[in-house]
Amino acid sequence: MNKALPTLVALGSLIAPVLQAQAADSTRLTVSRVHASTDFQSDAFGPTRWMEEGAAYTTLEPAAAGSDLARYDTRTGARQVLIPAARFRPPGDSVPLNIQDYRWSADRNRVLIYTNSKPVWRQNTRGDYWVLDRTTWELKQLGGGAARPSTLMFAKFSPDGRRVGYVRESNLYVENLADGSIVQLTQDGSRTIINGTFDWVYEEELDDRDGWRWSPDGQSIAFWQLNADSVRDFALINYTDSLYSFDTPVQYPKAGESNSAARIGIVPAAGGGTTWLAIAGDPRNHYLARMEWADNAREVVIQRLNRLQNMNEVLLGDAGSGQVRTILTEQDSTWVDVVDEMTWLDQGKSFTWLSERDGWNHVYVVSRDGRTVRLVTPGAFDVLGVAGMDTRNGYLYYIASPDNPAQRYLYRTRLDGRGRAERLTPVDTGGNNSYDISPDCRWAFHTYSRFGVRPQTALIQLPTHQVVRTVVENARLRDRVVALRTGPREFFKVDIGNGIQLNGWIMKPYDFDPSRRYPILFYVYGG
């Protein structure tokens with residue numbers, strides 16, 4: 001018998017009452033309450049989808065079993081259950097699907113359901129997909145009989161809503177919703193040939209996961225293909241999932257070693273040969289970081305980074321011929337970032353672009369040939385992100401905080417650069433403000449929080465920022481936070497020289513004694 005066992009049992013009997021007492025004390029903030037309980041969990045809302053340009057929205061709501069999909073009139077709040085939970089019950093099953101996400105077809109007659117998800121690296125990007133037809137109430141799983149559970153990725157309706165494309169085990173497929181026929185567009189998918197998704201490096205360095213796009217006319221699909229045959233394996237040792245440890249090989253290029261080679265192809269959605277874009281340069285020492293259709297079905301726009309990531313070339317590729325031309329180049333001695341906020345304007349004659357070329361991160365409008373670059377958001381501040389684009393009325397909505405970089409506010413300015421920027425977030429909501437803006441930019445879900453104040457979400461009207469109604473109050477979370485014994489919370493700045501000050505904050509114990517010495521837990525990213 002292990003002689004230490006009685007001691008451990010005795011120690012456990014002494015510790016257990018202490019832990020139970022701590023758990024029962026609602027005024028104490030403990031590690032277990034933060035990480036192992038739902039005490040400080042926010043109320044759920046969504047996922048929401050704007051409809052009818054913002055005149056309505058849909059959201060998932062808990063039902064007796066499963067979730068209802070409800071529609072709300074944005075202005076009045078009138079509620080209508082479009083799809084009751086019972087309609088999400090597969091044939092022969094006793095419970096509805098656990099819906100993790102959903103997408104509407106363009107005509108709103110079909111809804112694409114994502115469920116049974118599994119992780120790929122950091123996020124759950126593979127799972128099962130179902131389509132519910134609201135005209136017949138038929139609920140059908142996608143993938144056909146050959147698809148194993150939780151193997152479909154990034155399913156999307158075609159523009160006409162009659163087909164769904166998806167990735168399955170490194171190959172691309174298109175499924176016809178009328179008859180269930182499936183066309184396999186790529187045949188060479190494997191551990192080293194990756195079609196329509198990415199390897200670890202692209203996800204880690206560039207936040208790339210979904211690697212394919214429908215053309216606007218639904219006739220073609222543009223996709224990434226990665227060749228990882230020269231990337232060596234790194235052995236991850238798993239000590240926790242079984243009695244004996246085991247190795248999991250992960251393709252991982254260390255500094256200076258070979259990367260995956262990426263290329264972009266365009267394939268007919270009905271099947272056929274692939275046109276590969278003729279992008280010059282060594283594909284193992286460049287990243288094809290972003291790709292979208294360029295506001296038509298003839299060209300795609302690509303952002304290509306060199307391996308040092310201090311040059312970003314914007315390329316236009318011809319989907320028919322495969323020819324590529326460079327229209328814009330961003331470069332710096334240190335670092336440049338990729339741009340997610342590209343919006344085409346004036347029937348594709350120009351696009352929005354974010355750049356730090358003047359020392360601050362700002363929005364520009366660039367002509368399609370790249371010859372004209374016009375600043376839209378001048379000033380000694382950074383644009384932190386584009387929140388909305390009102391092309392009908394000529395306004396850009398963006399997030400910034402010119403006076404306090406620890407906070408976030410909504411602004412708008414004219415796309416033509418005329419006039420002054422307007423701060424739309426009220427002055428009494430200092431803290432963190434985020435927005436989900438409707439397509440017509442007349443409405444938004446505004447989520448607000450600050451240190452010690454729980455998140456709250458309200459439907460607001462723009463540009464007045466008038467609150468229409470609160471959709472997430474988080475009263476339970478508020479009451480639990482208010483009940484805590486908390487110490488002083490302080491924001492401060494650290495001077496690191498050369499006129500640079502870094503922001504920081506500190507939380508002290510509720511019974512803080514300045515005469516005592518305390519251990520301190522630092523959290524520094526990239527430090």
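The values are calculated or read from the model by the stated rules, or taken from the named source; none is laboratory data. As the structure is a prediction and not an experimental result, all values here were calculated from the model. We place every Cβ from the backbone using ideal geometry, glycine too, and count neighbours over all the protein chains shown. We work out accessible area using only protein heavy atoms, side chains counted, and drop any ligands, DNA or RNA first. Shrake-Rupley method; radii C 1.70, N 1.55, O 1.52, S 1.80 Å.
Screening region 419-447 for residues that are in a loop (DSSP other than H, G, I, E, B) and of a type in the set (A, V, I, L, M, F, W, C) and picking the one that is farthest from residue 458 (Cα to Cα) gives 421. Screening the candidates 192, 186 for the property of being under 24 Å from residue 219 (Cα atoms) and not acidic (Asp, Glu) yields one hit, 186.
When the strands (runs of 3 or more DSSP E) confined to region 307-392 are screened for residues that are without any contact (Cβ under 8 Å) to a residue 24 or more places away in the chain, those reaching at least 1 such residues are found at 311-318, 324-331, 350-355, 362-367. Among the candidates 124, 116, the residue that is part of a strand (DSSP E or B) and either at pLDDT below 95 or under 18 Å from the mean Cα position of the chain (by Cα) (or both) is uniquely 124. When 426, 514, 455 are checked against the criterion of being out of contact with any helix residue (DSSP H, G or I) (no Cβ under 9 Å at 6 or more places or on another chain), open to solvent by 40 Å² or more (accessible area, probe 1.4 Å) and touching a residue at least 12 places away in the same chain (Cβ under 8 Å), 426 stands alone in meeting it. Kindly list, by first and then second residue, each pair from a residue in region 496-509 that is among the small types (Gly, Ala, Ser) to a residue that is exposed (fewer than 10 other Cβ atoms within 10 Å of the Cβ) and at pLDDT 90 or above, limited to pairs with Cβ atoms under 7 Å and residues at least 6 apart or on different chains. From residues that are among the small types (Gly, Ala, Ser), the pairs are 504/494.
Of all residues in region 255-297, those that are over 25 Å from residue 158 (Cβ atoms) and part of a loop (DSSP other than H, G, I, E, B) total 11.
Scanning region 232-253 for residues that are of a type outside the set (Ser, Thr, Tyr) and in contact with a Phe, Trp or Tyr (Cβ under 8 Å, 6 or more places away or on another chain) gives 232, 233, 234, 237, 238, 249, 250, 251. Might you check whether a residue that is assigned to a helix (DSSP H, G or I) and either open to solvent by 50 Å² or more (accessible area, probe 1.4 Å) or among the hydroxyl-bearing types (Ser, Thr, Tyr) (or both) occurs anywhere in region 174-189? No: region 174-189 contains no residue that is assigned to a helix (DSSP H, G or I) and either open to solvent by 50 Å² or more (accessible area, probe 1.4 Å) or among the hydroxyl-bearing types (Ser, Thr, Tyr) (or both). In contact with a helix residue (DSSP H, G or I) (Cβ under 7 Å, 6 or more places away or on another chain) and modelled with pLDDT of 95 or more: is that true of residue 390 in this structure? No: the conditions fail for residue 390.
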